[in-house]
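Engineer: First the structure, which I've put down as structure tokens, then a few questions once you've had a look.
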Amino acid sequence: MGHLQEEVVVEQIVEVNENKYRLGWGKFILFFLTFIGISLVFGLFSGVFIGFKSVITGEDIEEAVLAFQLSPWILYLDFIAFILAFIIFKSVRQFLKKSLSFAPLKQMKTYGYIAVGFLIILISQYIILGVLRWESPGEDMEMFGVNPTTANWFSITILFISVVLITPIKEEFIYRGVLHGFLAEKWHFWLGLIISSVIFGFLHFGYPMTATIMGIVFVALYRLTRTLIIPIILHILWNGYVVVVFLFQMSS
């Protein structure tokens, strides 16, 4: 009898801990507000630092601030803000823990999914950007902050790490992991897909339509494989392809 009571007590403690760190609407909204707030604070301090530096060096303050905003360094600050918010909210970490399985990498069909996803993105962007010319990624390309006069191995390395590695990880965790995952669980899969993909699309200035299609493909991969690892891999491959093409065009 005593042993049975101990098991009941343990189960109750586990249940209390699970409820304590369960991701609800309050923590979901607060996570995004915290992430945005930290990003804004980083931006403010960066602006102040650049302002002081410009006064000392005699640079034009507006040009210096604009150059920083159009550089890959802003992506690093954004990533750090995400990491801090991720550390603060254990409920978010617990929520995403089940979405980080590497098991699908052992299945050949997973690589077929990645290849099909890449082709869908490539074809959609070719049609919308190249044939119909409904959108132009030119403005987003300027965010790379690299041009023929400033390009060197260091700037290209900084660009590659920020755009090809850390940005896909951050965006997949935020848009597919937290945003889509939470909305799909609370409401419906299709609502999670639509809302997360549209927000993802419109935050990519210059090509919201093609970025929305990308978001849909990433959600589909997440749905098919039940892990964020696969859309992260495709996102890395696609961004790597875009950066290589961008650098090749710049060098030409």
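The values are calculated or read from the model by the stated rules, or taken from the named source; none is laboratory data. This is a predicted model, so every value here is computed, not measured. Here the Cβ is made from the backbone with ideal geometry for all residues, glycine too, and neighbour counts use every protein chain on show.
Engineer: Keeping to the stretch 44-69, report how many residues are surrounded by 15 or more Cβ atoms within 10 Å (Cβ to Cβ) and hydrophobic (A, V, I, L, M, F, W, C).
Structural biologist: 5
Engineer: Still on this model: Could you grab me the full set of residues in the stretch 28-43 that are of a type in the set (Phe, Trp, Tyr), crowded, with 17+ Cβ neighbours inside 10 Å and within 16 Å of the chain's Cα centre (by Cα)?
Structural biologist: As a first pass, look at the stretch 28-43 and keep what is of a type in the set (Phe, Trp, Tyr): 28, 31-32, 35, 42.
Those still in the list that are crowded, with 17+ Cβ neighbours inside 10 Å too: 28, 31, 35, 42.
Scanning the stretch 28-43 gives 31, 35.
Engineer: In addition: Consider residue 206 against the criteria (1) farther than 16 Å from residue 119 by Cα; (2) more than 11 Å from the chain's Cα centre (by Cα); (3) assigned to a helix (DSSP H, G or I): it satisfies all of them except one. Which criterion is unmet?
Structural biologist: (3)
Table: residues versus (1) of a type in the set (Lys, Arg); (2) surrounded by fewer than 18 Cβ atoms within 10 Å (Cβ to Cβ); (3) farther than 17 Å from residue 169 by Cβ.
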site: 80; (1), (2), (3): no, yes, no
site: 84; (1), (2), (3): no, yes, no
site: 92; (1), (2), (3): no, no, no
site: 97; (1), (2), (3): yes, yes, no
site: 100; (1), (2), (3): no, yes, no
site: 103; (1), (2), (3): no, yes, yes
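Engineer: So residue 43 clears everything in (1) modelled with pLDDT under 95; (2) of a type in the set (Gly, Ala, Ser); (3) assigned by TED's automatic domain parsing to the domain that holds residue 165 except one condition, right? Which one?
Structural biologist: Just one mismatch for residue 43, condition (3).
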